[in-house]
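Data block below; observations after.
The values are calculated or read from the model by the stated rules, or taken from the named source; none is laboratory data. Being a predicted model, the structure only gives us computed values, none of them experimental. Note that each Cβ is placed from the backbone with ideal geometry, even for glycine, and that neighbours are counted across all protein chains shown. We work out accessible area using only protein heavy atoms, side chains counted, and drop any ligands, DNA or RNA first. Shrake-Rupley method; radii C 1.70, N 1.55, O 1.52, S 1.80 Å.
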Amino acid sequence: MTAHIEALKDSIAKTVIMPGDPLRAKFIAETYLENPKLVNQVRGMLAYTGTYKGKKITVMGSGMGMPSIGIYSYELYKEYGVENIIRVGTAGSYTKDLNLYDLLLVQKCYSESSYGKTQNGDESCFREASFSLNLYLEQTAQEMNKHLTIATIHSSDVFYKEKDNYLELWKKYGCMACEMESFALFHNAQVLGKRAACLLTISDSLVTKESTTSEQRQLSFTEMIELALEATLKF
Ligand code: HPA
């Protein structure tokens, strides 16, 4: 047990699929895993462990934002011996080049967050996904005929901004979309010598102001989950 996870140590798999919403974790576990067992419900942050085509997998919610995913991913890596975390989430598009439901694989994220500085003094603004996990995800997408856009994204601390600077971040750093968790996840993986990746579906556009319905989101989410789960069979 850790401060925020009650699961027994060996009830968490080496590979964790991590949506933001704990109810999504429940949906993934009940839809795709064989023999899913509920292993955490502290603060409602549901985690399930089962097998996918015979491979032991844990699915756990991260909550929203870097402080939340920062806590859970750190405890999973450090206390539970987790080696791989694949975040599956949604993002807002910063460019007309992306459409709703497009699937992104994050290669690099930019953040103005103080997460790194506060965690270990690292003040750099960029963090990268694990090269090998991204390679497995790209190969799997090809095999499944799914189109993946390899992207640099913005990992933000603020959802509701009075003054949005997305155009500047797009022009300056090539940030194609925005979410709120990758930077902390990638940072923790780097600090602890572990692997992390992040798949995102475009759920809204800051350019056109379009957004998706929750029903439509569920469908595109399914595609992303299937890709993440299939990729885990490669490692
Ligand atoms: N901003 C931050 N996070 C998000 C967004 C957004 O526009 N859309 C989905 N996750």
Each label sits 7 Å from Cα toward the beta-carbon; between Glu123 and Ser211 the label points are separated, in nm, by 3.7
Magnitude of the Cβ-charge dipole (Lys and Arg +1, Asp and Glu -1) of the chain about the Cα centre, nearest 20 debye, reported as 360
Checking Met176, Met45, Met144 against a Gaussian network model of the chain (alpha-carbon springs below 10 Å), the top fluctuating residue turns out to be Met144
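In segment 132-176, which chymotrypsin sites (Phe, Trp or Tyr not before Pro) fall in coil by DSSP and have 12 or fewer other Cβ atoms within 10 Å?
Answer in residue order: Phe159, Tyr160.
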Among Lys9/Lys117; Lys26/Lys209; Lys96/Lys171; Lys14/Lys194, the pairs whose Cα-Cα distance exceeds 18 Å are Lys9/Lys117; Lys26/Lys209
Note on the chain, DSSP bridge orientation, antiparallel percent to nearest 5 equals 40
Semi-axes of the chain from the Cα gyration tensor (sqrt of 5 times each eigenvalue, largest first, whole Å) come to 26, 21, 16
Here the relative contact order (percent) of segment 9-232, from C-alpha pairs under 8 Å and at least 6 apart, is 26
Once Glu223 and Val191 are pulled to full extension, the length gained, defined as 0.36 nm per residue separation minus their Cα-Cα distance, is 8.5 nm
Out of Thr213, Ile85, Pro19 - ranked by how far each Cα lies towards the positive end of the dipole of the chain, with unit charges on the beta-carbon of charged residues - the top one is Ile85
Residues of segment 83-113 with backbone N under 17 Å of the label point set 7 Å from the Cα of Phe131 along Cα→Cβ are 106-109
Answer in debye to the nearest 20: the dipole magnitude of segment 1-137 about its Cα centre, from +1 Lys/Arg and -1 Asp/Glu charges placed on Cβ, is 280
Filtering trypsin sites (Lys or Arg not before Pro) in segment 91-164 by DSSP loop and by at most 15 other Cβ atoms within 10 Å leaves Lys96, Lys146, Lys161, Lys163
So the carbon and sulfur contribution to the accessible area of the chain, 1.4 Å probe, in percent, is 51
Between the modelled labels at Lys161 and Tyr173 (7 Å from Cα along Cα→Cβ) the distance in nm is 1.0
Between Ala3 and Lys37, the FRET efficiency computed from the C-beta separation at R0 = 30 Å comes out, to the nearest 0.05, as 0.85
